[in-house]
Each structure stands twice: as C-alpha cells, then as structure tokens.
Amino acid sequence: MDPGIDDALALYAALARLDVRGLATVAGNVELDRTFENGRQLLQLAGRQEVPVWPGSRSPLHFSLHTAPEIHGPHGMGAREFAEPASGQALKEAPWQAWPALWARESEPVHLIATGPMTNVAKLLWCLPDAAKPLTGITVMGGAIEGGNVTPTAEFNFYVDPEAADVVLAAPVPVSMVGLDVTWKARMPWSDVHRLAGWGAVGRLLADALGWYGRHGEAETTGLAVHDAVAVAAYAHPEWFTWEPMTLSVRADGQWRGTVVRVPARIPDRGPVQVAVDVETGPVLEWIMESVANLAQGLGS
Ligand code: BDR
Ligand code: CA
C-alpha cells in the first residue's frame with residue numbers, strides 16, 4: 001500500500017479481521033520514504049509493530065512518479081505530521097526480494113491485497129519462480145471499467161503505474177479487481193467519520209485524516225470514497241459484491257494512460273479477472289466501522 005488516508009483505514013480493517021503477515025509499501029500517494037514511515041507509524045499506533053514493513057518501489061516501472069498530496073496531504077496523512085520517527089524494526093530489503101524465500105517456509109497460503117500502484121506486485125510476480133505457490137490470489141484496488149479519478153478514464157493506482165497494473169491483471173493466479181465501479185458507490189457518511197473521532201488514538205487519526213481527505217468537492221455532500229478499505233472488505237466478504245469475469249489489459253499510452261480495456265478472452269497467458277461491478281454498500285460500510293471499533297476496543301481506548 002501507499003498510506004495514504006484510505007490505505008490507513010484499509011490497514012486498520014485488515015488488522016482487525018485478517019492475519020496480516022506483512023506490509024509492503026510503495027510510492028504513490030506520496031513518496032516511498034513517507035509511505036514507508038506512515039505504514040510503520042500506523043502499526044505503532046495500533047500496537048502492532050510486530051507486523052513487518054518492507055520498503056518497496058520508489059518509482060513506477062517506466063513512468064516518473066505522480067503523487068497526490070492534494071488528496072492525502074503533504075505527508076500522506078492529511079495535516080498530520082508524526083512528531084517522532086516510528087520505533088520498531090525498519091526492514092531494508094525490498095518485498096519482492098524478501099517474500100519468495102519467506103513464503104517458501106510458509107505452510108499457510110498467502111493472499112495479496114494491493115491498494116497502491118502495482119509496482120511491487122509486478123516485480124514480485126517476475127521474481128516468483130513458481131508464481132502459483134503459495135500465493136493463492138491477489139485483490140487489487142485499482143482501475144475502473146467506467147470512469148476515472150485522474151483522467152476521465154483512468155483511476156489513480158493504474159494511472160501511476162499502468163505497466164505494472166497490466167502485469168498484475170495477467171497474473172497466473174486468481175485476481176479480483178475492486179475499482180471505482182464499486183468504491184465510488186460505497187461512500188462513508190460524515191456521521192461515521194465523526195463517530196471515529198471518539199475511538200481512541202486510532203479513531204482520532206482516522207477522523208482527522210478523513211476529515212482532511214473529504215474537505216473539498218463532492219465528498220462534502222456525498223460522503224467519502226474509502227476505496228482501499230472497500231477492497232479489504234471485498235476480500236473478506238466477496239458475497240457482498242457482484243463479480244463478473246473479464247479479460248483485461250491496461251493502456252499506457254498518451255491520454256489513455258491507466259485506462260482498463262477489455263480484450264478478447266482467447267489472448268494467451270491472460271486469464272479472466274473477477275471484476276467487482278456492484279456492491280451492497282450497507283454491510284460493507286458497517287463492517288469497516290465495526291473493524292475499527294474492534295481494533296480500538298482491543299487497545300483499551
Ligand atoms: C486510489 O488512489 C489513491 O489515492 C487511494 O489511496 C486509492 O488507493 C483510489 O483511486
Ligand atoms: Ca492507496
């Protein structure tokens with residue numbers, strides 16, 4: 001992930017509900033040094049410093065980095081500046097170098113949830129000698145069948161590194177794409193943002209950051225598109241989503257950079273991706289809020 005405000009919410013939902021084995025950071029919403037530090041700070045705030053954090057790609061495969069400080073703040077967490085650097089371990093190895101060896105020792109299957117530009121995941125797929133083991137699948141927050149948030153047709157994570165996104169959509173493991181088609185539907189109401197503020201340090205950080213994230217534009221009236229947290233919910237509760245299999249590619253050229261296109265299903269080495277095309281917003285949003293509540297309660301705050 002590239003924390004990032006909705007990444008923070010996604011991380012906290014995942015910590016509350018899943019067995020999180022590690023966090024690979026990537027440059028995206030802000031530069032890598034910040035996303036790496038933010039990942040460590042978020043874990044520290046949740047008392048989960050045992051979760052390893054890896055620094056990943058500093059820039060996309062071929063494009064130069066495009067960031068979004070106007071959406072996520074100059075340091076990626078709204079107006080928040082962490083006073084002290086995070087304590088705890090700071091791993092130096094890149095995730096695509098570290099993970100194959102780690103996974104070789106795993107007895108449990110591993111699933112990736114990618115909520116930033118796909119650069120790390122593409123490199124990992126290239127590094128895994130036998131990509132199918134033990135990686136059982138990848139859930140991607142990115143792309144859109146219709147509409148974009150950077151250009152009229154491109155979503156941010158796919159726009160930043162379209163070539164990496166294309167590698168991931170052709171991965172030799174099951175891939176689920178949770179794009180703007182559903183994340184724009186499941187908008188968090190402001191009443192939930194205000195509730196978060198009462199839930200200890202984790203809740204306060206989220207409420208402040210989300211308040212900053214939604215301060216302009218349509219979020220003021222429609223609520224906040226918490227994209228990355230919706231992707232975690234889609235992994236945990238696929239039954240709340242409508243899925244359609246589609247064979248897809250991502251364009252990298254000119255005005256189409258980051259645009260998802262449907263390609264003929266018979267293209268070799270490219271299986272269908274399960275695309276989330278609709279969502280039951282009520283259960284998803286309740287689940288996200290309940291996750292943060294559980295996490296905050298566990299912290300005794
Ligand atoms: C995606 O872009 C980023 O700004 C968000 O964190 C999310 O991953 C939404 O387009
Ligand atoms: Ca993100």
Fill in: Residues being within 16 Å of ligand 2 (Cβ to nearest atom) and part of a loop (DSSP other than H, G, I, E, B) - total across region 21-30
5
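Rundown of residues vs (1) in a helix (DSSP H, G or I); (2) not hydroxyl-bearing (Ser, Thr, Tyr), yes/no style:
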| site | (1), (2) |
| --- | --- |
| Ala231 | yes, yes |
| Tyr235 | yes, no |
| Pro245 | no, yes |
| Ser249 | no, no |
| Arg270 | no, yes |
| Ala276 | no, yes |
| Gly282 | yes, yes |
Discussion item. I'd like to check something: does region 78-100 contain any residue that is closer than 25 Å to Ala236 by Cα, touching a residue at least 12 places away in the same chain (Cβ under 8 Å) and acidic (Asp, Glu)?
Written reply: no
Discussion item. Can you say whether Pro69 is more than 21 Å from Gly200 (Cβ to Cβ) and either aromatic (Phe, Trp, Tyr) or away from ligand 2 (no atom under 14 Å from the Cβ) (or both), as far as the supplied structure shows?
Written reply: no
Worksheet item: Hey, does region 173-185 have a residue that's over 16 Å from the mean Cα position of the chain (by Cα), surrounded by fewer than 24 Cβ atoms within 10 Å (Cβ to Cβ) and of a type in the set (Phe, Trp, Tyr)?
Response: no
Worksheet item: Of everything in region 1-19 that's in contact with a strand residue (DSSP E or B) (Cβ under 9 Å, 6 or more places away or on another chain) and more than 11 Å from ligand 2 (Cβ to nearest atom), which residue is farthest from Val140 (Cα to Cα)?
Response: Leu18
Item to complete: Could you grab me the full set of residues in region 264-301 that are at pLDDT below 95, more than 13 Å from Met246 (Cβ to Cβ) and small (Gly, Ala, Ser)?
Response: Ala296, Gly298, Gly300, Ser301
Worksheet item: If you scan region 17-36, which residues turn out to be crowded, with 22+ Cβ neighbours inside 10 Å and away from ligand 1 (no atom under 16 Å from the Cβ)?
Response: none
Discussion item. Quick check on my filter: what residues within region 96-138 are among the hydroxyl-bearing types (Ser, Thr, Tyr), touching a strand residue (DSSP E or B) at 6+ places or on another chain (Cβ under 7 Å) and more than 13 Å from ligand 2 (Cβ to nearest atom)?
Written reply: Thr136
Response to the item:
The lone condition Ala164 fails out of (1) away from ligand 2 (no atom under 15 Å from the Cβ); (2) crowded, with 24+ Cβ neighbours inside 10 Å is (1)
Fill in: Residues of region 45-96 satisfying the condition of being out of contact with any Pro (no Cβ under 9 Å at 6 or more places or on another chain) and of a type in the set (Ser, Thr, Tyr)
Ser59, Ser64, Thr67, Ser87
Worksheet item: Tally time: how many residues in region 59-73 are surrounded by 14 or more Cβ atoms within 10 Å (Cβ to Cβ) and part of a loop (DSSP other than H, G, I, E, B)?
Response: 9
Worksheet item: Just checking, how many residues over region 154-174 are farther than 16 Å from Arg270 by Cα, out of contact with any Lys or Arg (no Cβ under 9 Å at 6 or more places or on another chain) and more than 9 Å from ligand 1 (Cβ to nearest atom)?
Response: 1
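The values are calculated or read from the model by the stated rules, or taken from the named source; none is laboratory data. Here the structure is a predicted model, which means the values were calculated and not measured. No Cβ is skipped: glycine too gets one built from the backbone with ideal geometry, and neighbour counts run over all protein chains shown.
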